[in-house]
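The values are calculated or read from the model by the stated rules, or taken from the named source; none is laboratory data. In this text, all values refer to a predicted model and were calculated from it rather than measured experimentally. Surface accessibility is based on the protein's heavy atoms, side chains included, excluding ligands, DNA and RNA. Shrake-Rupley method; radii C 1.70, N 1.55, O 1.52, S 1.80 Å.
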Amino acid sequence: MKIKLSFYLIICSLIITSCNNKQELTKVTTVLDWTVNTNQTGLYVAKEKGYFKEEGLDVDIQFPPEMGADAVIASGQADYGVSYQENITFARASQIPIVAIAAVIQHNTSGFAARSTTGISRPKHFEGKRYGGWGSPVEEATLKALMDKDNGDYSKVENISLGTMDFFSATEKSIDFSWIFEGWDGIASQVKGIDINYIPLVQYDKALDYYTPVLATSENKIKNNPDQVKAFLKAVSKGYEFSIKNPQEAANILLKYAPELDRELVIESQKYLADKYQAEASQWGHMKLSVWTNYKNWLLDRNLLSKDIDESQAFTNEYLPR
């Protein structure tokens, strides 16, 4: 009788386990901001390591459409996505209901860069040179702000729209300097053996130390499915925490999903970012109101925002793991 009872219990246990394994996952979409790069590694680690599945999510990571990630996040066509503090600030001023839910990197690691052969090593040296970018008013304002602080004259800069041309191709012939992320093109210059001079934005203006990039979702998603937002961020946080502790393995995971990337660049970039994802913050993803306020005021001072916004509504730490 005891043998029969034990057998019965084992069968029941197997049935229960099988049912749990077949638990239906909730499909959600996450849209990237650009081509695959190491800023996004935590997302791919969460997918590869099964962190999303542990939270009951089946996450589809997609490339951005022509309209950009922010538009599809705000419209609900994508559940989550990669954005930037500056984009969300402008979106909120235009009544577009998008909200930052985690900072991918704690500090702005972008700046202006030029091949060392140009002789450009400070903002004043931009005078008489060709800048290549994407033609936004914020670029002009940022260039002007840095040049003003270095007694330069922005009117002497030729501003050229580059489209999708990369930094290295563009600086061979078309332009003299551009705006890059140190953790990607800066590292790539070392891998390629090309000497560049890099000028961090935060070196000249602390208000430019904003969150770039961030993870974002819509107000509707937060209102109607807060538990899913928490589950998504719990999984993503584990992905970035793993990347901080294991940059080499995290790089290998990213390369599995994007084998077209340069292996050495990805590994070195991952090492560079490992101590920058969280930096001095109490946990990965946490954001400060002062960072949002400083950058909003910087934009207002230069008449770049159509109207003031309540920046406390543009981001939230509420859904990060406790």
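Summarise the accessible area of the chain (1.4 Å probe, protein heavy atoms) by the percent that is carbon and sulfur. Summing carbon and sulfur atoms, their accessible area is 50 percent of the total for the chain.
For the chain, the longest principal axis of the alpha carbon atoms and the long axis of helix 226-245 meet at an angle near 70°. Shape class of segment 75-117 from the alpha-carbon gyration tensor: prolate, with a/c at 1.5 or above and a/b greater than b/c.
Among Thr29, Thr89, Thr118, determine the one that fluctuates most according to a GNM of the chain built with springs between C-alpha atoms less than 10 Å apart. Of the options given, Thr118 has the highest mean-square fluctuation.
Just to compare against my own numbers: the Cα pair-distance distribution for segment 252-322, 10 Å bins, whole % per bin, please. With a bin width of 10 Å, the distribution comes to 16, 28, 26, 25, 5.
Suppose we look only past 28 Å in the calculated P(r) of the chain. What percent of the Cα-Cα pairs does that tail hold? Mind dumping the intermediate values first?
On the way: 23281 of 51681 pairs.
Cα-Cα pairs of the chain separated by over 28 Å account for 45 percent.
Distance between the C-alpha centres of segment 259-300 and segment 181-214: 11 Å, rounded to the whole angstrom.
Could you sort Lys47, Lys144, Lys256, Lys27 by accessible area so the largest value comes first, with the probe set to 1.4 Å? Please list the in-between numbers first.
Working: Lys47 75, Lys144 95, Lys256 125, Lys27 155 Å².
Solvent-accessible surface, decreasing: Lys27, Lys256, Lys144, Lys47.
With Cα atoms as the point set, the radius of gyration and Dmax of segment 58-155 evaluate to 17.3, 53 Å. In the elastic network of the chain, a GNM with C-alpha springs shorter than 10 Å, the most mobile of Asp58, Asp275, Asp227 is Asp227. Within the full protein context, the accessible area of Ser155 is estimated at about 90 Å² for a probe radius of 1.4 Å. Overall shape: oblate for segment 34-73, with the ratio a/c of the largest to smallest alpha carbon gyration tensor axis at 1.5 or above and b/c at least equal to a/b.
Helix 263-273 and the longest principal axis of the C-alpha atoms of the chain enclose an angle of approximately 90°.
Taking the chain as a Gaussian network, where each spring joins two C-alpha atoms under 10 Å apart, which residue of Gly193, Gly239, Gly111 fluctuates the most? Greatest mean-square fluctuation among the candidates belongs to Gly193.
Given a 1.4 angstrom probe, what's the average accessible area per residue across the chain, in square angstrom?
49
If you average the sequence gap of Cα pairs under 8 Å that are 6 or more apart and divide by the length of the chain, what percent do you get for the contact order? Reported as a whole number, the value is 28 percent. Relative to the longest principal axis of the Cα atoms of the chain, helix 247-257 runs at roughly 80 degrees.
Put Val202, Val104 in order of accessible area, highest first, and with a 1.4 Å probe you get Val202, Val104. Each of Thr293, Thr117 has its accessible area taken with a 1.4 Å probe; listed largest first, they run Thr117, Thr293.
Beta bridges from DSSP with both residues in the chain: antiparallel share about 55 percent, rounded to the nearest 5.
For a test of the definition: using alpha carbon positions, the gyration tensor, and the 1.5 limit on a/c, classify segment 172-230 as rounded, prolate or oblate. Before the final figure, lay out the partial values.
Working: a/c = 3.30, a/b = 2.37, b/c = 1.39.
Since a/c reaches 1.5 and a/b is larger than b/c, the shape of segment 172-230 is classed as prolate.
Helical content alone sets the calculated 222 nm signal of the chain at -12500 deg cm²/dmol, taking -39,500 (n - 2.57) per DSSP H segment of four or more residues and averaging over every residue.
Computed with every protein chain present, the accessible area of Phe167 is close to 10 Å² [probe 1.4 Å].
Taking all protein chains together and rolling a 1.4 Å probe, Glu241 ends up with roughly 80 Å² accessible.
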